[in-house]
Amino acid sequence: GLTEADDTSISVSQQSYDLQADHWGKMIQLLASQANYKPNEADLTVVALRTLRTSMKAANTNVGTAYNAFKNALIERDRLVYAERTGLVDTAKAVKNYVKSIFGASHEKFRQADSLHFKARPKV
């Protein structure tokens, strides 16, 4: 699974894909050094295997880039929702208090606003 220790952490699965690509590269080097490795199948040639490795590495890089963008989007979302005083949760509380001060706690408008629930960040 993915680790979430900090923004610089690398997932175990990411390391596994990197390791597999490295092993694949070593296998290709071994095959390329063997004069008698001459498969008839086009997808098993050294050139095809190198192309596959290049594609694998590019796909893995794309995953890392997408994951970083995803993590940054989560950070921004959490900032907008949970930031002290300016986030959605604290702003909603302030609005409810304002509506309550204008109309009173028993007024229908306050009860409607108060019925909408905004939860603070869960404690981890």
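Numbers below:
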| item | result |
| --- | --- |
| Convex hull volume of the chain per residue (C-alpha atoms, cubic angstrom) | 140 Å³ |
| Carbon/sulfur fraction of accessible area - the chain, other protein chains in place, 1.4 Å, % | 58 percent |
| Rounded to 10°, Cα long-axis angle of helix 88-103 versus longest principal axis of the chain | 10 degrees |
| Loop trypsin sites (Lys or Arg not before Pro), the range 36-124 (other Cβ atoms within 10 Å of the site Cβ: 14 or fewer; DSSP) | Arg85, Lys119, Lys123 |
| Accessible solvent surface per residue of the range 53-124, calculated while the other protein chains remain in place, 1.4 angstrom probe, Å² | 80 Å² |
| Rounded accessible area of Ser55 (nearest 10 Å², 1.4 Å probe) | 70 Å² |
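The values are calculated or read from the model by the stated rules, or taken from the named source; none is laboratory data. The structure presented is a predicted model; accordingly, all values stated were derived computationally and were not measured. Neighbour counts run over all protein chains shown; Cβ positions are idealised from the backbone, glycine included. SASA here: full protein model, heavy atoms, side chains in, ligands and nucleic acids out. Shrake-Rupley method; radii C 1.70, N 1.55, O 1.52, S 1.80 Å.
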